[in-house]
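This report concerns only the one structure given below.
Bear in mind that the values in this text are calculations on the coordinates, not laboratory data. For clarity, every value in this text was computed on a predicted model and none was experimentally measured. Reconstructed Cβ throughout: ideal geometry from the backbone, glycine too, with neighbour counts over all protein chains shown.
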Amino acid sequence: MTKDEAGFDNIFLPREAKIIRTSRPTPSEKHFTLQLADRTSLDFVPGQILEVGVMGYGESPIGIASSPTRTDSFDIVVRTVGRVTTAINSRDVGDSLWIRGPLGHGFDMDELRGHDVLIVAGGIGLCPTRSLIQYILDRRDEFGRFTLFYGARDPLQLLFTEDRLEWRRSDAIDYHETVDRADATWTGNVGVIPTLFHKTAHISPDTRVVICGPPVMFKYVLIELDKLGIPRENIFVDLERRMKCGVGKCGHCQINDKYCCIDGPVFTFAKIWELEEAI
C-alpha cells in the first residue's frame, strides 16, 4: 500500500507499475506481467484485487492472476469492455499502469490447507483463481487432492495455453477442461462445466470448493455439489465481477448489508445464499 506524507497507508494513492511482458490470449483479453516501479514486492493474498488505471482515463477493478509465492512480478488479465480497459490494453512493454491495492478479502488459506481442493472456473474466472492455483502448486504438500475444472464458450476463449498444457501433464493436479461449443480443432470435452463432475470420482464431501465465473454457472455447479454432500460453508465464491471503487464508497457492489469490496470479494456460500442477486 502507498504511504502518504505522514507515513500512513493510503488506499487512495496509486503506485506505478511497469509493464515487463504482455500477450494476447484471446482477441478480447490482454495478459500483463507487471513490476512495481520502486522494485518492492506486492504483498497480497490470492483472491484480492487491484484497481488498475491509466492517468486521464480512470481505473478498473482487476483480480490478481498470479501467486504471492512468485514475488518478483505479478500478473493481471484485462478484458476490453469500455473506455478504461481499452486504454489499459493499449499499453505495452515499457509503459506504466497505476495500481491501488491490494484490496478486499481474498481466500482464507487456513480454511483450505490440509484439505482436498476443487476449483471451478468459467471463462475469465480463471484469472483470479490462477493466483490460488499457482499458490497450491507452489506449496503442494500443504494441501490434499487438487482438482481443477475449467470451461469456456469455445476453444478460442480458453486462457493460459502454456499453463493448461502444464496442468494436463502434471501429477500434482487433476485437471479437466471443456467448451460449450467445439470447432474443427477441438478434441476435448464438449458441454457446460457441470458435465466435468462425471470425469472424476475423487471429490469427497470434505472437499473445499472455489467457484468463479459467470452467474449462470453457479446455479448448476451448486446442484452438483449438493449431490456430493458438500456443506455450503465449505464452498467459496468469488464475486469480484461486482466491484467498482474497491473501497466501499460508490455502493456499486452492495448486496443488502454486504459490500463485495470490503466484506469480499471471496465469501462462503453459506454467508450469501440468501442474497439471490449475488449469483
Quiz item: Efficiency by 1/(1 + (r/R0)^6): what FRET value for Asp95 and Asp180, r their Cβ-Cβ distance, R0 = 41 Å, to the nearest 0.05?
Solution: 0.70
Quiz item: Rg to Rh for region 145-224: what is it, with Cα atoms only and Rh by Kirkwood?
Solution: 0.94
Quiz item: So for region 181-234, what are the equivalent ellipsoid semi-axes in whole Å, largest first, each being the square root of 5 times an eigenvalue of the Cα gyration tensor?
Solution: 24, 14, 8
Practice problem: Kindly provide the helix-only [θ] at 222 nm of the chain, computed as the sum of -39,500 (n - 2.57) over DSSP H runs of four or more divided by all residues, to the nearest 500 deg cm²/dmol? | Solution: -5000 deg cm²/dmol
Exercise. Give the percent of DSSP beta bridges with both residues in the chain that are antiparallel, rounded to the nearest 5.
Key: 60 percent
Quiz prompt | R0 of 25 Å, Cβ-Cβ distance Ala270-Phe12: FRET efficiency to nearest 0.05 | solution = 0.15
Self-check item: On Cα atoms only, tilt of 126-138 relative to the major axis of the chain in degrees
Solution: 80 degrees
Practice problem: Mind giving me the FRET efficiency for Tyr220 and Thr86? R0 is 25 Å, r the Cβ-Cβ distance, nearest 0.05 is fine. | Solution: 0.15
Self-check item: Rough spin-label spacing in nm, given labels placed 7 Å along Cα→Cβ, for Thr161 and Leu228
Solution: 3.0 nm
Quiz item: How large are Rg and Dmax for region 2-103 when only the alpha carbon atoms are used, in Å?
Solution: 13.0, 44
Exercise. Among the aspartates and glutamates, select those whose C-alpha is under 15 Å from the C-alpha of Lys258, and discard any that sit fewer than 8 residues away in the same chain.
Key: Asp238, Glu240, Glu274, Glu276, Glu277
Practice problem: Please work out how much length the chain gains when fully extended from Met55 to His202, using 0.36 nm per residue of separation minus the C-alpha to C-alpha distance, in nm with one decimal. | Solution: 48.1 nm
